[in-house]
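Q: Can you keep this structure in mind? I'll have questions shortly.
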Amino acid sequence: MLKPVKTLFSILLAGAISVNLAGQSNLPVYLNENKPIEERVEDALSRMTLEEKVAMCHAQSKFSSAGVPRLGIPENWATDGPHGIRPEVLWDEWDQAGWTNDSCVAFPALTCLAATWNKDMSALYGKSIGEEARYRNKNILLGPGVNIYRTPLNGRNFEYMGEDPFLASKMVVPYIQGVQANGVAACVKHYALNNQEIDRHTVNVNVDDRTLYEIYLPAFKAAVQEGNAWAIMGAYNRYKGQWACHNQYLLNDILRDEWGFDGVVVSDWGGVNNTMQAIYNGLDMEFGSWTDGLSEGASNAYDNYYLANPFLKLLYSGEVKVEEVDKKVRNILRLAFRTTMNTKRPWGSFGTPEHAAAGRKIAEEGIVLLKNNGVLPVDLNKTKKILVVGENAIKPMTVGGGSSSLKAKNEIAPLDGIMNRVGKQADVIYARGYVGDPTSEYNGVKLKRDLHDSRSAAELIEEATRLAKDADIVIFIGGLNKSDGQDSEGNDRKELNLSYGQDNVIAELAKANKNLVVVNISGNAIAMPWINEVPSIVQTWYNGTESGTALASILMGDANPSGKLPFTFPVKLDDNGAHKLGDYPGVDKEETYKEGLFVGYRWADKENVKPLFPFGHGLSYTTFEYGKVAADKKEMTADGKISFTVNVKNTGNRDGAEVVQLYISDLKSSLPRPVKELKGFEKVTLKAGEEKTVTFTVDKTALSYFDDKKHDWVAESGDFEAIIGASATDIKSKVGFKLK
Ligand code: BGC
């Protein structure tokens with residue numbers, strides 16, 4: 001009886017020894033990490049049944065898809081993304097699974113990351129969140145998001161990197177590299193043209209090719225070609241009448257054929273609408289669908305996904321060739337070899353103090369000082385009483401907003417951050433000022449603080465202004481929040497102004513105390529009818545775990561602000577092209593981007609409208625003086641380069657950092673072009689009194705536009721200007737040059 005067992009054991013043992021001796025040579029090719037990945041893909045594919053292949057192309061639960069257990073190929077596990085690792089949900093429902101070990105570090109929102117204008121911060125972000133994902137055994141992180149900020153009403157702008165394709169392109173790359181160094185795929189989203197939440201599942205976006213290539217695609221292209229993203233998520237909306245998740249133009253023509261993407265195209269959750277298109281138009285994996293006649297979450301729904309049984313049936317009947325499923329499975333296998341089957345990937349770490357510190361650093365670098373007539377930083381030697389007013393001072397912001405909602409291990413609200421920092425140095429008192437949205441639950445994650453307050457608006461204002469009269473300094477902390485219709489998925493904002501009567505509260509506080517600081521927490525621009533009455537204004541973001549700590553260190557001057565706006569603050573909605581031209585949010589589910597290329601500062605420049613705060617704007621507690629920009633040559637050849645140098649000096653008495661911006665202007669071109677476009681930026685750290693030279697080197701890509709007739713990038717010879725600015729409107733100097 002024992003003999004066969006013994007024999008089997010000795011066979012296994014012999015096998016193990018021979019593997020040991022000969023490295024991996026006795027392994028099947030697909031398991032041999034010394035073999036080229038493409039050989040491994042083909043080998044694994046050749047061993048798979050049709051059923052196993054199709055099973056890989058669609059979800060098996062809310063966030064997972066099948067591997068091939070028979071071959072030891074693991075399941076794929078995805079997670080939101082993009083600001084922290086989402087808590088575990090039930091297999092088949094959005095509700096929390098009730099784990100007690102899944103509280104993450106919440107990192108600052110991507111608007112904050114973009115506002116750092118610092119690629120090192122993006123690398124730190126990617127590395128840290130990648131480690132969190134890895135520890136939680138996720139191999140696909142659903143982020144980062146790089147949809148362009150077209151309108152300040154878009155409910156999801158907080159998950160993206162602002163209005164400028166160059167800024168977003170540069171910032172997205174280190175994030176992806178940092179994540180993927182952990183053996184976790186970054187899944188860049190939402191490709192493409194998902195620039196609003198209203199009608200997101202149905203709207204058909206009409207945009208000319210030039211605008212598509214110059215404004216809406218560059219960040220995705222950089223993610224693919226420079227970041228080498230291993231996954232990309234299709235968007236919900238339509239383009240040229242086809243849903244973006246299975247779109248011939250976006251996925252087959254551009255992503256695969258033009259850019260050479262070899263990763264996995266994942267659908268947005270429920271973004272698949274048609275089996276034939278899903279088969280032929282570039283999609284690899286279908287997630288989150290709710291299919292015909294089955295309610296969302298029904299346990300057998302996965303078999304009925306467009307890319308499940310309906311796909312299998314077409315393959316069985318021969319109506320669809322096996323080659324179609326093979327194309328998808330090759331991409332999915334490649335993902336497995338890069339992630340779950342990479343035995344050398346690190347182990348990750350989760351909820352660590354290092355990750356919280358990384359989030360704090362990013363937040364401190366991303367907070368933007370919009371205006372400062374002397375109130376900031378708070379001088380604790382001269383301040384006895386600080387009044388903090390506003391719901392956002394006490395409202396945790398990691399919960400809500402849609403799929404990016406988190407269960408944070410810790411979240412230091414602004415009031416707590418200020419109190420911790422001030423300690424006994426001054427009295428910190430708090431008045432609510434207004435009641436916004438006291439609900440604080442999302443998918444079962446509940447907050448500890450009860451935000452309900454039944455007092456009337458008049459009573460709340462009376463209390464706040466009475467206390468304000470008696471304080472040395474008043475810090476109003478308000479803005480938007482993560483509730484529906486604010487900064488939240490699934491809907492857009494209704495207006496540019498703040499809600500809940502905040503404008504009125506601020507105006508009354510300004511009358512009561514001249515030392516007023518307004519801190520706006522949002523992922524979007526807001527109107528500021530009270531701007532002239534308020535001496536100091538700070539823009540901060542949904543900054544996650546350490547949001548209060550980071551804000552306090554900026555307000556008290558421990559950190560010197562160095563963030564710059566990644567999008568324009570218009571005075572009013574009509575100062576934005578999409579709104580001025582009236583096509584937002586579309587008519588009968590058709591929306592034409594009539595403003596074309598003229599998004600954000602490009603519109604403000606063209607129409608000569610003065611923004612409330614321009615793109616690239618941000619102050620410091622020190623001052624910087626710019627020298628005159630110089631070019632290393634007068635003429636550049638088509639395949640050459642040109643360098644621009646400018647000296648920047650810290651002329652104040654504090655150390656600080658300045659983001660030096662290079663814009664290029666094509667003085668004469670055959671097609672209309674924006675007045676200027678960002679083509680370089682550098683954050684320089686300068687000690688008090690220190691001076692540094694900043695150099696930008698560009699080639700003709702910085703001078704090119706996309707010619708839709710030729711379907712190619714064109715740099716036209718002629719006169720150009722290099723413009724150095726501290727923002728899109730604070731122009732320091734210019735130098736002309738020619739392209740031969
Ligand atoms: C969102 C995606 C998200 C997915 C999974 C969708 O509703 O649009 O960004 O990753 O849900 O939660």
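Q: Reachable aspartates and glutamates from LYS692, Cα under 18 Å, same-chain residues fewer than 8 places away excluded?
A: Qualifying aspartates and glutamates at Cα under 18 Å: GLU625, ASP632, ASP655, GLU658, GLU682.
Q: Please report how far the C-alpha centroid of region 338-404 lies from that of region 301-328, rounded to the nearest whole angstrom.
A: 46
Q: On a 1.4 Å probe surface of the protein chains, which of ASP253, ASP575 comes out largest in accessible area, and what is the full order?
A: ASP253, ASP575
Q: Could you order LYS189, LYS606 by accessible surface area, starting with the largest, using a probe radius of 1.4 Å?
A: Listed by decreasing accessible area, they come as LYS606, LYS189.
Q: Moving to a separate point now. Hey, what's the Kirkwood Rh for region 358-567 if you take every pair of different alpha carbons, in angstrom?
A: 17.0 Å is the Kirkwood radius here.
Q: Could you check the simple spin-label distance between ALA357 and ASP262, using points 7 Å along Cα→Cβ, in nm with one decimal?
A: Once both label points are built, they end up 3.8 nm from each other.
Q: Follow-up. Can you tell me the alpha carbon radius of gyration of region 622-739 divided by the globular rule-of-thumb value 2.2 N^0.38 Å?
A: Compactness ratio reported: 1.15.
Q: Could you tell me the convex hull volume per residue, in Å³, taken over the Cα atoms of region 189-272?
A: Hull volume over Cα atoms, normalised by residue count, gives 83 Å³.
Q: Can you give me the C-alpha center-to-center distance between region 459-476 and region 40-87, rounded to a whole angstrom?
A: Measuring centre to centre over Cα atoms gives 57 Å.
Q: A further question follows. Please figure out what share of the DSSP beta bridges in region 358-567 is antiparallel and state it in percent, rounded to the nearest 5.
A: About 25 percent, rounded to the nearest 5.
Q: In addition: Would you please report the Å³ per residue occupied by the convex hull of the alpha carbon atoms in region 431-530?
A: 107
Q: Also: Let me know the charge dipole size of region 358-567 about its Cα centre in debye, to the nearest 20, where only the beta-carbon of Lys, Arg (+1) and Asp, Glu (-1) is charged.
A: The calculated dipole for region 358-567 is roughly 480 debye.
Q: Further, regarding this structure: Measure nothing but the geometry: give the 0 to 90° angle between the long axis through the Cα atoms of 37-46 and the longest principal axis through the Cα atoms of the chain, rounded to 10°.
A: The angle comes out at about 50 degrees.
Q: Kindly rank 108-116, 561-569, 342-350 from highest to lowest mean number of other beta carbons found within 10 Å of each residue.
A: Averaged packing, sorted descending, gives the order 108-116, 561-569, 342-350.
Q: If I model a spin label as a point 7 Å beyond the Cα along the Cα-Cβ vector, how far apart are those points for ASN410 and THR623 in nm?
A: 4.0
Q: So, one more: Give the separation of the Cα centroids, region 143-188 to region 113-138, in Å.
A: 11
Q: Moving on to the next point. Could you work out the Rg to Rh ratio of region 93-191, with Rh taken as the Kirkwood radius (inverse of the mean 1/r over all Cα pairs)?
A: 0.99
Q: I'd like the orientation of helix 353-366 relative to the chain: the angle between its Cα long axis and the longest Cα principal axis, in ° from 0 to 90, rounded to 10.
A: So the helix axis and the longest Cα principal axis differ by about 50 degrees.
Q: Which of the lysines could be linked to LYS385 by a straight reach, that is with a Cα gap under 19 Å, when you skip same-chain ones fewer than 8 residues away?
A: LYS424, LYS469, LYS511, LYS514
Q: While we're here: Counting pairs of Cα atoms in the chain, how many percent are more than 34 Å apart?
A: Roughly 49 percent, once rounded to a whole number.
Q: Restricted to Cα positions, what overall size does region 166-312 have along the principal axes? Three whole-Å values, descending.
A: Ordered largest first, region 166-312 gives principal extents of 45, 38, 28 Å.
Q: Out of the total accessible area of region 622-739 (probe 1.4 Å, heavy atoms of protein only), what percent is carbon and sulfur?
A: 47
Q: With a probe of 1.4 Å, find how much accessible area the chain has per residue, and write the answer as a whole number in Å².
A: About 37 Å² of surface per residue is accessible.
Q: Apply the Debye scattering formula to region 519-646, with a single equal point scatterer on each alpha-carbon and no solvent, then give log10 I(q)/I(0) at q = 0.12, 0.14, 0.16 Å⁻¹.
A: -0.72, -0.89, -1.01
Q: Compute the projected area of the convex hull of the Cα atoms of region 217-261, averaged over all viewing directions, and report it in nm² to one decimal place.
A: If you wrap the Cα atoms of region 217-261 in a convex hull and average its projections, you get 2.9 nm².
The values are calculated or read from the model by the stated rules, or taken from the named source; none is laboratory data. Remember, predicted model here, so these are calculated numbers, not experimental data. Because the Cβ atoms are built from the backbone with ideal geometry, glycine has one as well, and the counts that use them run over all protein chains shown. Ligands, DNA and RNA are excluded from the accessible area calculation, which covers all protein heavy atoms including side chains. Shrake-Rupley method; radii C 1.70, N 1.55, O 1.52, S 1.80 Å.
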